[in-house]
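For reference, the structure discussed in these notes is given below.
We did not get these values from a lab; they are worked out from the coordinates using the rules stated. Because the structure is predicted, anything quoted here is derived from the model rather than measured. Cβ: placed from backbone, ideal geometry, glycine included. Neighbour counts: every protein chain shown.
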Amino acid sequence: MKVIGINGSPRKTWNTAQMVESALNGCKDAGAETKLYHLIDLKFKGCISCFACKRLGGPSYAKCGARDELTQVLDDVWAADALIIGSPVYFGDVTADMRAFLERLWFSVLMYNPEHMVRAPKRLPIKIILTTNAPQEGFHKALNESLLGTMNGFVGPAELIEANATLQFDDYSKYDASMIDGAERLKRHKEVFPQDLKRAFDMGRRAVEEAKALK
Ligand SMILES: Cc1cc2nc3c(=O)[nH]c(=O)nc-3n(C[C@H](O)[C@H](O)[C@H](O)COP(=O)(O)O)c2cc1C
């Protein structure tokens, strides 16, 4: 069993990265090998609309034809047994890097062919992690529904969890952020975030169990 984790946050040690790492630890605990990519480390772009993925008989049919540092990531995803992606919510959406990754993952297996719309090489369980400043789960409902719907349609059975009201700064008094109660955030970070990490860990375990069942 191999699971790929993708961190779409530019911060490699903060909330989203920790949630993805915890989920991958859950996968390891269930016996899987894991690999983590931080998208911020990679030089790549979103879909460039070359349509090589839809070119009948072409060498990139149903694969992303763009060549850059995301190519290996996409190959690894389709060779894996499960996928875990994590992103902070930025202006109601995933980060630009995560969006660029998703464009290439999704569009390359989508054909404009109502009789055979999805040409993915297989289906694999997808676990999605969102971290937010918003105080409660489901605040970005449309985003959750669109991620779950598209993943379910193109890649595999998807599940989504959130870590809400995350800690954004070490010291709120040093930033122009008076609408946030820094002491409350720190308290939540100490009391609730460890539970969020545990939920991510458990979800990682489930990813591996579900991948085994799909085999
Ligand atoms: C550019 C930017 C835009 C953001 N937009 C939103 C938003 O629309 N909704 C929200 O709940 N949080 C928003 N946030 C807060 C982050 O999603 C949240 O703090 C997240 O946990 C940060 O993840 P990280 O610690 O992994 O970087 C935004 C943060 C940044 C930097």
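For G156, what residues show an amide H to amide H distance below 5 Å, using hydrogens built from the backbone and excluding near sequence neighbours?
The list, which skips near neighbours in sequence, is L124.
Once you have the Cα-Cα distance between K122 and I48, take 0.36 nm times their residue separation minus that, and quote the gain in nm to one decimal.
My answer for the length gained is 24.2 nm.
For T71, T132, which order do you get if you count the other beta carbons within 10 Å of each Cβ and list the fewest first?
With the fewest neighbours first, T71, T132 line up as T71, T132.
Count the net charge of all other residues whose Cβ sits under 14 Å from the Cβ of F101, scoring Lys and Arg as +1 and Asp and Glu as -1.
-4
Starting from the eigenvalues of the Cα gyration tensor, five times each then square-rooted, give me the equivalent ellipsoid semi-axes of region 2-214, largest first, whole Å.
Each semi-axis is the square root of five times an eigenvalue, giving 31, 19, 15 Å.
Hey, fewest Cβ within 10 Å first, where do D176, D196, D68 land in order?
D176, D68, D196
List C53, C27 from most exposed to least, where exposure is judged by having the fewest other Cβ atoms within 10 Å.
Lowest to highest Cβ neighbour count: C53, C27.
Given the pairs K63/K141; K12/K54; K122/K212; K45/K212; K141/K215; K2/K122, which span a C-alpha to C-alpha distance of over 23 angstrom in this model?
K63/K141; K12/K54; K45/K212; K141/K215
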